[in-house]
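Scroll down for the structure; my scribbles are underneath it.
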Amino acid sequence: MPKTVVVTGSTSGIGLGIARAFAADGANVMINGFGDRSQIEEIRKGLESGGGRALYHSADMTKPDEIADMMAEAAAEFGMVDILVNNAGIQHVAPVEDFPTDKWDAIIAINLTSSFHTMKAAIPAMKAKKSGRIINIASAHALVASPYKAAYVAAKHGIMGLTKSAALELAEFGITVNAICPGYVLTPLVEKQIPDTAKARGISEAEVKSDVMLRLQATKEFVSIDEVAATALFLASDAARQITGTHISIDGGWTAQ
Ligand code: NAD
């Protein structure tokens, strides 16, 4: 029986890379996220070349009813959700006193609270089967802070707390809950924040890459999407069954400092 994987926010960037890695491994995959419908359909069809089925659900991660519907559809179509990857995320860069309240609310909803809703939906069947994997795509910002990213850092620290708490609750049910903490990966999310960071700090966009993003990344290289996807595949494997309630950093040495 192929495993079923739900990856939130998987029409782009890291989530898409993770969905492709699981699909290439033969899994049934439910993808989710925003974007052009014909492009998403191309992506969905491509995922089926690994031998499993692929479905797309347009659930907005700020909307609990839509999240519940996506999780119910994945379970109905594929039997159950074996592996849940909470990946959807957005960013906004501004000083705390100027931080737009609607951006704060959206970041907390998408980057933190949506994972609570997906987990709430997935856990009962995982518990009944005594098997499951929950992988939360956190960030180096789940462990350390940077200025001008208050909402993102708060949400990512929060997801670490949710990861640890759920791991303890589920440890005796064959379910592991872990976070992956990447450093900077060049995805649309990161590309979009370069002009804002340049403005907030009064520096050029090239300086944002070299002096802000890669300053603390000791390797001086961006992390690749494939490296994050390979780690997700490992955490979902039998070999990782004693790894729970923790994180794996893929940050080029950033948080060693
Ligand atoms: P991205 O912008 O390329 O992709 C984000 C995905 O989330 C897209 O599919 C988008 O459609 C989806 N999304 C956004 N809002 C949504 C909503 N309301 N409902 C449903 N889907 C929504 O970003 P990315 O860089 O691939 O980031 C993915 C995750 O990795 C995020 O949680 C991010 O915080 C985390 N992360 C990224 C980096 C990095 O450097 N890129 C580093 C550490 C952690």
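Every read-out reported here was derived from the displayed coordinates using simple, explicitly stated rules and does not represent laboratory data. Bear in mind that the values here come from a model prediction, so they are computed numbers and not experimental data. As a convention, Cβ positions derive from the backbone with ideal geometry for all residues, glycine included, and neighbour counts pool all protein chains shown.
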Would a scan of segment 65-83 turn up a residue that is closer than 30 Å to Gln217 by Cα, crowded, with 19+ Cβ neighbours inside 10 Å, within 15 Å of the ligand (Cβ to nearest atom) and not polar (S, T, N, Q)?
no
Selected residue (criterion: nearest to Leu189 (Cα to Cα)) from residues of segment 1-46 that are within 8 Å of the ligand (Cβ to nearest atom) and part of a loop (DSSP other than H, G, I, E, B)
Ser12
So, in segment 215-228, exactly how many residues are within 11 Å of the ligand (Cβ to nearest atom) and of a type outside the set (Val, Ile, Thr)?
3
With the requirement that a residue be in a helix (DSSP H, G or I) and more than 12 Å from the ligand (Cβ to nearest atom), what does segment 201-211 give you?
Arg201, Glu205, Ala206, Glu207, Val208, Ser210, Asp211
Just for segment 191-200: of the residues that are surrounded by 15 or more Cβ atoms within 10 Å (Cβ to Cβ) and touching a residue at least 40 places away in the same chain (Cβ under 8 Å), which one is nearest to the ligand (Cβ to nearest atom)?
Gln193
So, in segment 154-187, how many residues would count as being under 14 Å from the mean Cα position of the chain (by Cα) and within 14 Å of the ligand (Cβ to nearest atom)?
16
Just the residues that are closer than 20 Å to Met30 by Cα, in a helix (DSSP H, G or I) and out of contact with any helix residue (DSSP H, G or I) (no Cβ under 6 Å at 6 or more places or on another chain), please, taken from segment 73-113.
Glu73, Ala74, Ala75, Ala76, Glu77, Phe78, Ile110, Thr113
Check on Leu214, without any contact (Cβ under 8 Å) to a residue 60 or more places away in the chain, out of contact with any strand residue (DSSP E or B) (no Cβ under 6 Å at 6 or more places or on another chain), under 29 Å from Asp82 (Cβ atoms) and surrounded by 18 or more Cβ atoms within 10 Å (Cβ to Cβ)
no
Looking for whichever is polar (S, T, N, Q), farther than 30 Å from Ile194 by Cβ and surrounded by fewer than 22 Cβ atoms within 10 Å (Cβ to Cβ) here; the options are Ser49, Ser12. Which one fits?
Ser49
